[in-house]
Amino acid sequence: MRRTRHHRRSQSREQPGATPSSAATSLDGKWGRRDRDALVVIIGAIVACYFPVFGAGFTNWDDDRFITGNPLFRGSVAGYVVAAFTRVQFQAFHPLHLLSYLPDRLLWPNQPAGFHALNVALFALALVLGFLLLRRCVATWPAVAAILLVGLHPMAVESVAWVVGRKDVLALLLLLSTLLVADREPRTTRSTVVACGLALAACLAKTSAVVLPIVLFAWLHFARQVPVRAALRRCLPFAGIALLFALPVPLIWRHNQMIPPGRPLPFVRDVLGTLGIYASRVVAPVDLSPVYPAMVSGQVLAGLVTGAALLAAVAFWHRLPSAAKFALVGFIGCLLPVANITPLYFRFADRYALLAVAVLAWPVAALLAWPKVVARRIGYVLVPLLLGLELWTTSHLALAWKDSLSLWQHAVEVQPRAVFAHLKLGETLREQGLFREAAASYLNAGQLEPGGLKGPAGFLRTMGEKAESEGRISAGSYQQWEQAIAKPGFDARQMDALIDSVDQSKCHSCAEALLWLALRMFPQPDPTLVARARIALDRGRTSTAMVYLGEVRDANAEGLAEIVRALSAPAGEAAR
């Protein structure tokens, strides 16, 4: 028995993150010049890293819905405040996030630099609070190194560089504030009430903050060595707040049609794959984008690796150091709302992982504080290299958020299979009058999503606006087509009549765009598509025939090869 106890005490001294509560608390009072210098370094590093966003503008990635094109934001302040608390806006109830734009509304409503500066300031403040929290457990060097590794991570770029990403920054700021207050010793009724108020505010900023009880429990039990039952009791009021906000979320999503009808993988493989993809991006943050394909490359393999890693962690749980346990519980806990347990409309997003990345700060700090001399020397070499790499990568990634065109060109380049990236690039190009390039983007979107309507609809709008700008059709024609299609009871017969009417105008490309949309709205069997393609080819309408052939699903459909040969043959040979 004595040998066992001695072994456990020795193990707790050697393992990273196994600092007893009393020792951890003793660091609270040690505050000196190095800590003040560390705060300057943290703030300076964040400002330097995100300096490119101060010259960025608004984007059409929801900045228009929340800010530039939001009549409530442009209206009276009182009306904006009332609406924030009484309406579900933009598929969520997040009044504190909406109210955070009031300083921008009053100080610089038309200057995006002010919005970006406030985002960066809030993020820097969140990291300062994270540093203060870490200093309760570790010394200055590991605390500042860990918080910078988190703050400069490329996965944080979307939340900081994107104006509307402020909700994620606010949730992080308030979650860390809650931990700071809830962790105070001795506990008082006042500190508990303040901590609950901060937790409520975090959930009002973004409902993903409902993970706070999990993070708090992990912090108290693994970082501060509070016994399980005592940690659970301290988390109970926060769990009640989390449930209050978590339960209505699926109802709001379903009401706003934000839950897709199916998932690309079986439930367990889908959830494990989602967790694995986020873990892999934390380790290797490459090809980051504001949007991703519904089925990310490598998701199946990531799910298998994640499942195996979790089984190994369970099997060897008692041998894991406290920092590793905290990392597993905190990281997975923060990802639970976005792990596609309930399928998400946007299945993956970097901003979803901000809280999960942030909770890794203490395990990293505990590892850097490991008393093994060799480990600390390795840290002194690796940390500066990693910070330099992160600084370079993150600052370059922030440049992509300069404007809408830069953002979506970057998204299409790094995630060419992301349908939404092509749609937004097409929208951006169309609004700038670059109709040929916009049409190409919508064509790509339509080809990536067989049966989807958004690509053909965007292509039709592009062709219509192009024809209107060239005077080939009268102004407002596209709006008339759109209104006709949107009428209740609109059917295939009416669509054929509309196509014939448009085809008689001077915009044959508009008629073909309408035809593409019609074939998506009212799908036809392959034999019918092949037969109509043959008729169009016989009439010399090669491009119309190509529209029909593009919707054929079976590559071996009868008659298809003959038409393809006819299209590929030289003009004279085809005529014979």
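All of (1) modelled with pLDDT under 95; (2) in contact with a Lys or Arg (Cβ under 6 Å, 6 or more places away or on another chain); (3) buried (at least 21 other Cβ atoms within 10 Å of the Cβ) hold for Pro343 with one exception: (3).
A Cβ distance below 6 Å, combined with a sequence gap of six or more or placement on separate chains, defines the contacts here; from region 411-439, residues that are over 20 Å from Tyr345 (Cα atoms) reach residues that are outside any helix (DSSP H, G or I) in the pairs Val414/Asp287; Val414/Ser289. Scanning region 182-197 for residues that are of a type in the set (A, V, I, L, M) and either at pLDDT below 95 or surrounded by fewer than 21 Cβ atoms within 10 Å (Cβ to Cβ) (or both) yields a count of 2. Within region 139-149, the set of residues being in contact with a Leu (Cβ under 7 Å, 6 or more places away or on another chain) and crowded, with 22+ Cβ neighbours inside 10 Å comprises Pro142, Ala143, Ala145, Ala146, Ile147, Leu148.
With respect to Ser177, determine if the residue is modelled with pLDDT of 95 or more and within 22 Å of the chain's Cα centre (by Cα). No. Glu437 falls short of the stated requirement of being of a type in the set (Asp, Glu), part of a helix (DSSP H, G or I) and under 24 Å from the mean Cα position of the chain (by Cα).
Kindly indicate whether any position in region 478-490 is of a type in the set (Ser, Thr, Tyr), assigned by TED's automatic domain parsing to the domain that holds Arg417 and over 24 Å from Leu567 (Cα atoms). Talk me through it step by step, then tell me what you get.
If we filter region 478-490 for residues that are of a type in the set (Ser, Thr, Tyr), which is where we start, we get 478.
Now drop any that are not assigned by TED's automatic domain parsing to the domain that holds Arg417, which leaves 478.
From what's left, over 24 Å from Leu567 (Cα atoms): 478.
Within region 478-490 (the criterion being of a type in the set (Ser, Thr, Tyr), assigned by TED's automatic domain parsing to the domain that holds Arg417 and over 24 Å from Leu567 (Cα atoms)), the answer is yes, since at least one residue qualifies.
Only one of the numbered conditions (1) of a type outside the set (A, V, I, L, M); (2) closer than 23 Å to Asn60 by Cβ; (3) touching a helix residue (DSSP H, G or I) at 6+ places or on another chain (Cβ under 6 Å) is violated by Gln479, and that is (3). Restricting Val296, Val305, Val357 to residues that are hydrophobic (A, V, I, L, M, F, W, C) and either over 29 Å from Thr59 (Cα atoms) or surrounded by fewer than 20 Cβ atoms within 10 Å (Cβ to Cβ) (or both) narrows the list to Val305. When region 380-398 is filtered for residues that are surrounded by fewer than 16 Cβ atoms within 10 Å (Cβ to Cβ) and more than 30 Å from Trp370 (Cα to Cα), only His396 remains. Just so you know, in region 346-381 the residues that are closer than 30 Å to Gln91 by Cβ and of a type in the set (Gly, Ala, Ser) include one that is nearest to the chain's Cα centre (by Cα), and it is Ala349. Of the numbered criteria (1) touching a Ser or Thr at 6+ places or on another chain (Cβ under 8 Å); (2) closer than 17 Å to Val268 by Cβ, the one Ala309 fails is (1). Just one of the listed residues (Glu427, Glu465) is of a type in the set (D, E, K, R), over 26 Å from Val552 (Cβ atoms) and touching a Lys or Arg at 6+ places or on another chain (Cβ under 7 Å), namely Glu465. Of all residues in region 246-262, those satisfying the criterion of being crowded, with 17+ Cβ neighbours inside 10 Å and either of a type in the set (Val, Ile, Thr) or assigned to a loop (DSSP other than H, G, I, E, B) (or both) are Val249, Met258. Of the residues making up region 541-571, those that are surrounded by fewer than 16 Cβ atoms within 10 Å (Cβ to Cβ), small (Gly, Ala, Ser) and touching a residue at least 24 places away in the same chain (Cβ under 8 Å) number 3. Within region 152-163, can one find any residue that is among the aliphatic types (A, V, I, L, M), touching a residue at least 12 places away in the same chain (Cβ under 8 Å), closer than 28 Å to Asp287 by Cβ and outside any helix (DSSP H, G or I)? Taking every residue of region 152-163 in turn, at least one turns out to be among the aliphatic types (A, V, I, L, M), touching a residue at least 12 places away in the same chain (Cβ under 8 Å), closer than 28 Å to Asp287 by Cβ and outside any helix (DSSP H, G or I).
Whether any residue in region 453-471 is assigned to a helix (DSSP H, G or I), in the same structural domain as Val419 (by TED's automatic domain parsing), acidic (Asp, Glu) and under 15 Å from Glu551 (Cα atoms) is what I want to check. Lay out the reasoning, then the answer.
Going residue by residue through region 453-471, those that are assigned to a helix (DSSP H, G or I) are 454-469.
Narrowing the set further to residues that are in the same structural domain as Val419 (by TED's automatic domain parsing) leaves 454-469.
If we keep only those that are acidic (Asp, Glu) too, we end up with 465, 468.
From what's left, under 15 Å from Glu551 (Cα atoms): none.
Within region 453-471, none of the residues are assigned to a helix (DSSP H, G or I), in the same structural domain as Val419 (by TED's automatic domain parsing), acidic (Asp, Glu) and under 15 Å from Glu551 (Cα atoms).
For region 491-509, the count of residues that are at positive phi and either assigned by TED's automatic domain parsing to the domain that holds Val530 or part of a loop (DSSP other than H, G, I, E, B) (or both) is zero.
Residues in region 399-412 that are buried (at least 18 other Cβ atoms within 10 Å of the Cβ), over 15 Å from Ala438 (Cα atoms) and not aliphatic (A, V, I, L, M): Trp401, His410. Of all residues in region 510-565, count the ones that are among the basic types (Lys, Arg), part of a helix (DSSP H, G or I) and out of contact with any Leu (no Cβ under 9 Å at 6 or more places or on another chain). The number of residues fulfilling the criteria is 3.
When each of Ala497, Ala518 is tested for being closer than 18 Å to Gly458 by Cβ and among the small types (Gly, Ala, Ser), the lone residue that passes is Ala518.
Could you check how many residues of region 106-128 are without any contact (Cβ under 8 Å) to a residue 40 or more places away in the chain and surrounded by fewer than 14 Cβ atoms within 10 Å (Cβ to Cβ)? Outline the logic, then answer.
Going through region 106-128, the residues without any contact (Cβ under 8 Å) to a residue 40 or more places away in the chain turn out to be 106-111, 114, 121.
Pick out the ones that are also surrounded by fewer than 14 Cβ atoms within 10 Å (Cβ to Cβ) and you get 106-107, 110-111.
Residues flagged as without any contact (Cβ under 8 Å) to a residue 40 or more places away in the chain and surrounded by fewer than 14 Cβ atoms within 10 Å (Cβ to Cβ) within region 106-128 amount to 4.
If you go through region 215-245 and keep only what is free of Cβ contacts under 8 Å to residues at least 60 places away in the same chain, surrounded by 12 or more Cβ atoms within 10 Å (Cβ to Cβ) and either among the small types (Gly, Ala, Ser) or at positive phi (or both), you end up with Ala231, Ala239, Gly240, Ala242.
Listed residues Val211, Val249; which is touching a residue at least 40 places away in the same chain (Cβ under 8 Å) and under 21 Å from Ala182 (Cα atoms)? The match here is Val211. With a requirement of 2 or more residues that are touching a Cys at 6+ places or on another chain (Cβ under 9 Å), the helices (runs of 4 or more DSSP H) lying completely within region 317-372 that satisfy it span 354-358, 361-368.
The values are calculated or read from the model by the stated rules, or taken from the named source; none is laboratory data. Keep in mind that this is a model prediction, so the values were computed, not measured. Backbone-built Cβ (ideal geometry, glycine too); neighbour counts: all protein chains shown.
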